[in-house]
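Visitor: Encoded as structure tokens, here's the structure I'll be asking about.
The values are calculated or read from the model by the stated rules, or taken from the named source; none is laboratory data. In this text, all values refer to a predicted model and were calculated from it rather than measured experimentally. Backbone-built Cβ (ideal geometry, glycine too); neighbour counts: all protein chains shown. Accessible surface is based on the protein model in full, side chains and every heavy atom, while ligands, DNA and RNA are left aside. Shrake-Rupley method; radii C 1.70, N 1.55, O 1.52, S 1.80 Å.
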Amino acid sequence: AAKAERKGTIQRFRPDLDEAAREKAKLENDLREGLRRGELAVHYQPLIDLGTGEITAYEALLRWHHPERGLMYPDSFIPLAEEVGLIDVLGQFVLQQACREAAHWPDPVRVAINVSPLQFRNANLINIVVQALAAAGLPPDRLELEITEAVLMEKNAEVATQIRRIRALGVGISMDDFGTGYSSLSYLLSYPFTKIKIDRSFVMGLKDAPNSRVVVGAIVNLGRSLGLTVTAEGIEEAEDLDFLRQLGCEQGQGYLIGRAVPGETLFSQDRAWLPRLGYG
Ligand code: C2E
Ligand code: MG
Ligand code: MG
Ligand code: MG
């Protein structure tokens, strides 16, 4: 009765809050059901070698075919999954699914998978990775895990240990959204990264932003000096791609090259973009 009364009070004074809470509870329930019913899917966006135009990797990006809301993007449900403790099972689903699909791709092509900060708190993550690779028959050096700076900001020794152990398997470790956090440079020295992904905020509109070109050029040189692969995210315009090539940026990703698509359709338009982007 007390609960009903409290609820009534909330409804009287903050109908918006109550509405939001109900909405969230429904979404959480939908997500649990959706996982069971196979509504979650992994799409793949190409990363190319900017020198040759060849595909070097595909990034796995989670999608949810919601029965009422239609296609949903990760920003609209990953934070909820993190909040309600569903991220581990969601993350495991992506790892297993993406490794399984990537095992059928031509040999040098890797798969890049985003890992949530919270997954690193689970000491079992390394076993989940090892198991996903083994079940798929995918060599560890064909997998890259993408970590945003938010993961590292926790200054958690356990997180650092896990990243090192996973790197020691031969799995690549990429710093995602590079340059957007507070301590990108110190993280670079503290963790065994193999790749930097320059955040798209530095990449978009390079042609009209001389200062961005200086910053991107400096990151490219920094990465090269440290022996890291550098990937530019968010390439939407041909002029930006040209600038990145001139700057010597090794890899690129963005709508200009290709959007994320379901695994079945990969390689069907293989190399279709080469002439469009001015390669060979
Ligand atoms: P991210 O890892 O930085 O991935 C790149 C995002 O930028 C993707 O959005 C991609 O579709 C989008 N993008 C790619 N090229 C362009 C471009 O040229 N222009 C613009 N404007 N956007 C571009 P998406 O798929 O909506 O994913 C958003 C974020 O959600 C990802 O950012 C990643 O942090 C997270 N995410 C995606 N899949 C997973 C997952 O399986 N697990 C976890 N934990 N996070 C995921
Ligand atoms: Mg990413
Ligand atoms: Mg990114
Ligand atoms: Mg991002």
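Visitor: Classify the stretch 235-280 as rounded, prolate or oblate from the Cα gyration tensor: take a ≥ b ≥ c as the square roots of its eigenvalues, call it rounded if a/c is under 1.5, otherwise prolate when a/b beats b/c and oblate if not.
Guide: Details: a/c = 2.36, a/b = 1.81, b/c = 1.31.
Note, shape of the stretch 235-280 comes out prolate.
Visitor: What ranking, highest mean first, results for peptides 97-106, 82-91 when packing means the other Cβ atoms within 10 Å averaged over each residue?
Guide: Working: 97-106: 18.3, 82-91: 16.7.
Packing order, densest peptide first, comes out as 97-106, 82-91.
Visitor: Dipole of the stretch 209-280 (Lys/Arg Cβ +1, Asp/Glu Cβ -1, origin at the Cα centre): which of Gly223, Ala238, Gly278 lies farthest to the positive side?
Guide: With unit charges placed on the Cβ atoms, the residue in question is Gly223.
Visitor: Per residue, how much accessible area does the stretch 151-212 have with a 1.4 Å probe, in Å²?
Guide: About 47 Å² of surface per residue is accessible.
Visitor: Note the direction-averaged projected area, equal to a quarter of the hull surface, for the Cα convex hull of the chain, in nm². Please list the in-between numbers first.
Guide: On the way: hull surface 71.4 nm².
Dividing the Cα hull surface by four gives the mean projection, 17.9 nm².
Visitor: Given contacts defined as C-alpha pairs under 8 Å and at least six residues apart, what's the relative contact order of the stretch 3-149, whole-number percent? Mind showing how you got there, number by number?
Guide: Details: 168 pairs, mean separation 27.8, N = 147.
For the stretch 3-149, the relative contact order is 19 percent.
Visitor: What does the charge add up to near Arg36, with Lys and Arg as +1, Asp and Glu as -1, over the other residues with Cβ less than 15 Å from its Cβ?
Guide: Spelling it out: positives minus negatives among the neighbours equals -2.
Visitor: Explain nothing, just the number: relative contact order of the chain, from Cα pairs under 8 Å at least 6 residues apart, as a whole percent.
Guide: Once normalised by length, the contact order is 17 percent.
Visitor: Turning to a different aspect of this structure: Counting only helical runs of four or more DSSP H residues, what would the 222 nm mean residue ellipticity of the chain come to if each run contributes -39,500 (n - 2.57) and the total is spread over all its residues? The partial results should precede the final answer.
Guide: Details: 12 runs with 126 residues, N = 280.
After summing the helix terms and dividing by residue count, I get -13500 deg cm²/dmol.
Visitor: Packing-wise, with mean Cβ within 10 Å as the measure, how do 131-141, 16-26, 181-191 rank, highest first?
Guide: Values: 131-141: 16.0, 16-26: 11.4, 181-191: 13.7.
Answer by packing, highest mean first, reads 131-141, 181-191, 16-26.
Visitor: A follow-up question, please. Of the beta bridges DSSP finds with both residues in the chain, what % are antiparallel, to the nearest 5?
Guide: 40
Visitor: How much net charge surrounds Asp49 when only other residues with a Cβ under 11 Å from its Cβ are counted (Lys, Arg +1; Asp, Glu -1)?
Guide: -1
Visitor: Taking the stretch 53-92 as the region of interest, what is the percent of Cα-Cα pairs per 10 angstrom bin, listed from the shortest bin to the one with the maximum distance?
Guide: 25, 44, 21, 9, 0
Visitor: Hey, can you grab everything whose amide H is under 5 Å from the amide H of Met72? Only 5+ residues off in sequence or another chain; H modelled, so Pro and N-termini drop out.
Guide: Trp64, His65, His66
Visitor: How many percent of the accessible area of the chain is carbon or sulfur, using a 1.4 Å probe?
Guide: That fraction is 52 percent.
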